[in-house]
Amino acid sequence: MTIQHFLQFRDLPAEEFQYLFERTRIIKDRFKRYEKYHPLVDRTMVMIFEKASTRTRLSFEAGMQQLGGAAIYLNTRDSQLGRGEPVEDAAQVISRMCDIVMIRTFEQDTVERFAAHSRVPVVNGLTNEYHPCQILADIYTFIEHRGPIAGRKVAWIGDSNNVCNSWLQAAELLDFEMCVSTPPGYEIEPERAGRFGGRVEQFEDPMQACADADLVTTDVWTSMGFEEENEQRRRAFADWCVDADMMRMAKPDALFMHCLPAHRGEEVSSEVIDGPQSVVWDEAENRLHAQKALIEYLMLGRVKGGG
Ligand code: CP
Ligand code: NVA
């Protein structure tokens, strides 16, 4: 039996995302009605964190428990992972003792190598290159508020980072447009931009990127692992703060999203993130529901008839 991993957004075809969005809705509705749903009794997720997390840890751990299973947290400091055990060896051992693995780490290559030696599905919980679970929840949140995302326009303002890269993959698969504005020197890597052809347009002026957008989204100027660039980035990104003027360029009913944690007064103004167009709390909550659908799918396949 082939193992289905979720290491990048494009690991699944478009029709499987349509299934996952519908499944997320069912799982969320059921959870809101306090209905028990325990398809994963006696199943265990191992969560490996080499970087800090609030939302990702909580949503995977709570989600696994709510599905009737258990989650075990490992970090670099307290395990042999920080002492140079080869990732291939760790994958062999860990995947013999659990049913699914989630990893948050630095290089994408680490999750790819782990997956290549794993007996069980592996989920990318954020790498320097990608954050696919975030975009799964973000697109579900968009659909919940505004309906299908196909044909819509998403403005990405700021760093061309892991979250941006996953948005770009999603745009290609799910057929929506990305308008990206980054400061000079922080553009999308040329080979990535080329790959997405007609689905991505880059703008020097962030105001222009926001024009007629259905969704405006941003993220921190300095991602985890790049802290030594912080001061240089603060100077370079100063004009890439999503504020009320930028939001006014977008459609009147445009949504604002941020994966969080946010820095008010840097990448977004308080007026926007705490304002009426912001759906950041729904977005954060939907990590739980969307990832429960993802875990169920990776472990059990498509569930028929409402599960
Ligand atoms: N958005 C997100 O992944 O948050 P955490 O870093 O808190 O997990
Ligand atoms: N781009 C950010 C996302 C945090 C959830 C980072 O990698 O630090």
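The values are calculated or read from the model by the stated rules, or taken from the named source; none is laboratory data. Computed from a prediction, not measured in an experiment: that's the story for all the values here. With ideal geometry, Cβ positions are generated from the backbone for all residues, glycine too; neighbour counts draw on all protein chains shown.
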query: Counting only residues that are part of a helix (DSSP H, G or I) and either aromatic (Phe, Trp, Tyr) or under 16 Å from residue 172 (Cβ atoms) (or both), which one in segment 132-152 is farthest from ligand 1 (Cβ to nearest atom)?
result: 142
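Residue-wise test of (1) surrounded by fewer than 18 Cβ atoms within 10 Å (Cβ to Cβ); (2) part of a strand (DSSP E or B).
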| position | (1), (2) |
| --- | --- |
| 62 | yes, no |
| 74 | no, yes |
| 90 | no, no |
| 98 | no, no |
| 112 | yes, no |
| 120 | no, no |
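Out of 83, 104, report the one residue that is among the basic types (Lys, Arg), away from ligand 1 (no atom under 16 Å from the Cβ) and over 21 Å from residue 16 (Cα atoms).
Values: 104 fails: away from ligand 1 (no atom under 16 Å from the Cβ).
Within the list 83, 104, the selection yields 83.
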message: So residue 129 passes all but one of these: (1) surrounded by 24 or more Cβ atoms within 10 Å (Cβ to Cβ); (2) within 15 Å of ligand 1 (Cβ to nearest atom). Which condition number does it fail?
response: (1)
message: Of everything in segment 48-58, what is within 8 Å of ligand 1 (Cβ to nearest atom), touching a residue at least 60 places away in the same chain (Cβ under 8 Å) and not aliphatic (A, V, I, L, M)? Give them in sequence order.
response: 51, 53, 54, 55, 56
statement: The correct count of residues that are aliphatic (A, V, I, L, M) and within 15 Å of the chain's Cα centre (by Cα) in segment 280-307 is 7
- request: Report, by residue number, each residue of segment 241-261 that is surrounded by fewer than 21 Cβ atoms within 10 Å (Cβ to Cβ) and either within 16 Å of ligand 2 (Cβ to nearest atom) or at positive phi (or both).
  value: 260, 261
- request: Would you point out the residue of segment 48-59, among those that are in a helix (DSSP H, G or I) and touching a Phe, Trp or Tyr at 6+ places or on another chain (Cβ under 9 Å), that is nearest to ligand 2 (Cβ to nearest atom)?
  value: 56
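Identify, from the list 84, 125, 151, the residue that is at pLDDT 95 or above, on the phi > 0 side of the Ramachandran plot and among the small types (Gly, Ala, Ser). First the steps, then the outcome.
On the way: 84 fails: at pLDDT 95 or above; 125 fails: on the phi > 0 side of the Ramachandran plot.
Selected residue: 151, the only one of 84, 125, 151 that is at pLDDT 95 or above, on the phi > 0 side of the Ramachandran plot and among the small types (Gly, Ala, Ser).
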- request: Search segment 287-306 for residues being in a helix (DSSP H, G or I) and either of a type in the set (Gly, Ala, Ser) or more than 16 Å from residue 65 (Cβ to Cβ) (or both), and hand back the single one that is farthest from ligand 2 (Cβ to nearest atom).
  value: 300
message: List the residue pairs whose Cβ atoms are under 6 Å apart, where the first residue sits in segment 9-25 and is over 14 Å from residue 144 (Cβ atoms) and at pLDDT 95 or above, the second is outside any loop (DSSP other than H, G, I, E, B) and small (Gly, Ala, Ser), and the two are 6 or more positions apart or on different chains.
response: 9/166; 9/170
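Yes/no matrix, rows are residues, columns are (1) away from ligand 2 (no atom under 16 Å from the Cβ); (2) buried (at least 24 other Cβ atoms within 10 Å of the Cβ); (3) in contact (Cβ under 8 Å) with a residue 40 or more places away in the chain:
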| site | (1), (2), (3) |
| --- | --- |
| 137 | no, yes, yes |
| 140 | yes, yes, yes |
| 153 | yes, no, yes |
| 177 | yes, no, no |
| 182 | no, no, yes |
| 189 | no, no, no |
| 192 | no, no, no |
| 205 | yes, no, no |
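Tally the residues that are out of contact with any helix residue (DSSP H, G or I) (no Cβ under 7 Å at 6 or more places or on another chain) and not charged (D, E, K, R), restricting the search to segment 147-167.
Start the filter on segment 147-167 by keeping residues that are out of contact with any helix residue (DSSP H, G or I) (no Cβ under 7 Å at 6 or more places or on another chain), which leaves 147-148, 151-153, 158-162, 164.
Applying the additional criterion that residues be not charged (D, E, K, R) yields 147-148, 151, 158, 160-162, 164.
Residues that pass the stated criteria total 8.
Could you please find all residues in segment 209-221 being assigned to a loop (DSSP other than H, G, I, E, B) and within 14 Å of ligand 1 (Cβ to nearest atom)? Full working, then the answer.
Within segment 209-221, the first condition is being assigned to a loop (DSSP other than H, G, I, E, B), and the residues that meet it are 211-214, 219-221.
Result: 219, 220.
For residue 224, are the conditions met, namely being within 19 Å of the chain's Cα centre (by Cα), within 16 Å of ligand 1 (Cβ to nearest atom) and in contact (Cβ under 8 Å) with a residue 12 or more places away in the chain?
Numbers: within 19 Å of the chain's Cα centre (by Cα): yes; within 16 Å of ligand 1 (Cβ to nearest atom): yes; in contact (Cβ under 8 Å) with a residue 12 or more places away in the chain: yes.
Spelling it out, residue 224 is indeed within 19 Å of the chain's Cα centre (by Cα), within 16 Å of ligand 1 (Cβ to nearest atom) and in contact (Cβ under 8 Å) with a residue 12 or more places away in the chain.
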